[in-house]
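Encoded as structure tokens, the structure appears first; notes follow it.
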Amino acid sequence: MKRPTRIGITMDAIDSEGNFIAPGPGLKLLDEMPEVDYNVFPEMLREVSPQQIEGYDMVCSLTPRWTAESLKGNDQLLSVHRFGVGYDMIDVPALTAAGVALCITRDAVRRPVAAAILGLLLALSTRMPLKDRLIREGRWTERAKYHGTGLVGKTLGVIGVGNIGHEVFRLAMPLDMRHLGCDPYISQEDVSDVNVDLVDMHTVLRESDILSVCCPLNEETHHLIGEDELRSMRTSSYLINMARGPIVDEQALIRALSEGWIQGAGIDVFEEEPTPVTNPLLKMDNVILAPHSLAWLDQMFDGQWDSILGQTGAIRRGEMPAGLLNTEVWDSPRFREKLRRFLAAVA
């Protein structure tokens, strides 16, 4: 008798009532698939344990860490499907060594994150939060003191011009800004369709009026933007970070904003999450803040489920899934043997 595909879901993706944390069909899509048997992990751990994943073919994961210890003794798990594109919480080499594929949802996240970055860009340049407070506090007559900044001819810089960074430039094209990018893994030809000049880090810092951080967090990018980098930016410039908090040295950023090294910032990510209520950033008027959720749109979550169901379906057919990050695992002997046993069991 053939068995169903067994899928586990980490508890942080589910609310207190047992529903997926965001709008959309969510778990109902899995309910409609008789060939799938899914379960939500009974407890939330900061690091996935071997006991949690025992018996599962695939796991959908949001925030828990995955390490070599998580996979210890497991010879069944085929894939981890991450809601989102960041994978700094996952030891990718450990997954690869264990014959486990890591899939991310690039297509689902690209537009929502890029649109949110554009939203921060517009809100900062028009000083929207400050003007909102003026009218709420009965300070209408002060409006002439707080003018915004026009964007035509100004320079938009992006550090990390991959999936999301490229989309930021594409959405910003009607604003008639100059586009500068910094990314050692991208060629000039890759960004020719969005009129980007690829330059070095120093140039993009020095010449950007609005600088967006769009690179992944890893050993190379930890505190990539520190005191020296912030001091090299224009005093009239804005910094936007929707990537990962530790890419920017938060203490240096606090000094930069309080001492006027830069004009303002839009921040959706923090070095410590949730950020403490004592964080000085929370009391600053020249910062727009969000709790690592500015891109959490209904369309993003629908797209993530579409991507993950497409990925699990491809693996169930023995096909390489879209969004596979550690592509080298696909032909590894350990993964191929697990996939062979899986396909024989569920075909």
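Can you pull out every residue in the range 215-242 that is under 16 Å from E271 (Cβ atoms) and among the charged types (D, E, K, R)?
Residues satisfying the conditions are E219, E227, E229.
Please enumerate the residues belonging to the range 16-39 that are surrounded by fewer than 11 Cβ atoms within 10 Å (Cβ to Cβ) and not hydroxyl-bearing (S, T, Y).
We begin by selecting, within the range 16-39, every residue surrounded by fewer than 11 Cβ atoms within 10 Å (Cβ to Cβ); these are 16-18, 32, 34.
Residues satisfying the conditions are E17, G18, E32, P34.
If T275 meets every condition in (1) in the same structural domain as L27 (by TED's automatic domain parsing); (2) over 16 Å from the mean Cα position of the chain (by Cα) apart from one, which number is that one?
(1)
Please work out which residue is surrounded by the fewest Cβ atoms within 10 Å (Cβ to Cβ), limiting yourself to the range 237-278 and to residues that are without any contact (Cβ under 8 Å) to a residue 12 or more places away in the chain and not β-branched (V, I, T).
P276
So, in the range 129-154, how many residues would count as being touching a strand residue (DSSP E or B) at 6+ places or on another chain (Cβ under 8 Å) and closer than 23 Å to K283 by Cβ?
1
If you scan the range 1-29, which residues turn out to be in a helix (DSSP H, G or I), over 19 Å from D306 (Cβ atoms) and aliphatic (A, V, I, L, M)? Can you show your working first?
Of the residues in the range 1-29, the ones in a helix (DSSP H, G or I) are 11-13, 28-29.
Add one more test, that the residue is over 19 Å from D306 (Cβ atoms), and what stays is 11-12.
Hit for the range 1-29 is M11, nothing else.
Which of (1) out of contact with any Phe, Trp or Tyr (no Cβ under 8 Å at 6 or more places or on another chain); (2) within 14 Å of S237 (Cα to Cα) is the odd one out, the single condition L156 does not satisfy?
In the conditions (1) out of contact with any Phe, Trp or Tyr (no Cβ under 8 Å at 6 or more places or on another chain); (2) within 14 Å of S237 (Cα to Cα), L156 misses (1) alone.
Examine the range 30-40 for a residue that is in contact with a Pro (Cβ under 6 Å, 6 or more places away or on another chain) and either hydroxyl-bearing (S, T, Y) or not in a strand (DSSP E or B) (or both), and state whether such a residue exists.
Start the filter on the range 30-40 by keeping residues that are in contact with a Pro (Cβ under 6 Å, 6 or more places away or on another chain), which leaves 35-37.
Checking the rest, the ones that are also either hydroxyl-bearing (S, T, Y) or not in a strand (DSSP E or B) (or both) come to 35.
Looking for residues that are in contact with a Pro (Cβ under 6 Å, 6 or more places away or on another chain) and either hydroxyl-bearing (S, T, Y) or not in a strand (DSSP E or B) (or both), one finds at least one in the range 30-40, hence yes.
Helices (runs of 4 or more DSSP H) wholly in the range 185-270 with at least 1 residues that are under 20 Å from L118 (Cα atoms), over 21 Å from the mean Cα position of the chain (by Cα) and of a type in the set (V, I, T) - which ones? Spell out the reasoning first.
On the way: elements: 201-207, 227-232, 250-259.
Of the helices (runs of 4 or more DSSP H) lying wholly inside the range 185-270, those with at least 1 residues that are under 20 Å from L118 (Cα atoms), over 21 Å from the mean Cα position of the chain (by Cα) and of a type in the set (V, I, T) span 201-207.
Return yes when A22 is of a type in the set (A, V, I, L, M) and out of contact with any helix residue (DSSP H, G or I) (no Cβ under 7 Å at 6 or more places or on another chain) and no when it is not. Outline the logic, then answer.
Numbers: of a type in the set (A, V, I, L, M): yes; out of contact with any helix residue (DSSP H, G or I) (no Cβ under 7 Å at 6 or more places or on another chain): no.
For A22, the condition - of a type in the set (A, V, I, L, M) and out of contact with any helix residue (DSSP H, G or I) (no Cβ under 7 Å at 6 or more places or on another chain) - is not met.
Quick check on my filter: what residues within the range 289-325 are more than 13 Å from H81 (Cα to Cα), crowded, with 19+ Cβ neighbours inside 10 Å and over 18 Å from the mean Cα position of the chain (by Cα)?
Answer for the range 289-325, where residues must be more than 13 Å from H81 (Cα to Cα), crowded, with 19+ Cβ neighbours inside 10 Å and over 18 Å from the mean Cα position of the chain (by Cα): just R316.
Which residue is nearest to K2 (Cα to Cα), if the candidates are limited to the range 323-341 and must be touching a strand residue (DSSP E or B) at 6+ places or on another chain (Cβ under 8 Å) and hydrophobic (A, V, I, L, M, F, W, C)?
Among residues in the range 323-341 that are touching a strand residue (DSSP E or B) at 6+ places or on another chain (Cβ under 8 Å) and hydrophobic (A, V, I, L, M, F, W, C), the one nearest to K2 (Cα to Cα) is F335.
Name the residues in the range 277-300 that are in a helix (DSSP H, G or I) and out of contact with any helix residue (DSSP H, G or I) (no Cβ under 8 Å at 6 or more places or on another chain), would you? Working first, answer last.
Taking the range 277-300 first, the residues in a helix (DSSP H, G or I) are 280-283, 298-300.
Of everything in the range 277-300, those that are in a helix (DSSP H, G or I) and out of contact with any helix residue (DSSP H, G or I) (no Cβ under 8 Å at 6 or more places or on another chain) turn out to be L282, K283, D298.
The values are calculated or read from the model by the stated rules, or taken from the named source; none is laboratory data. Quantities reported herein were computed from a predicted structural model and do not represent experimental measurements. Note that each Cβ is placed from the backbone with ideal geometry, even for glycine, and that neighbours are counted across all protein chains shown.
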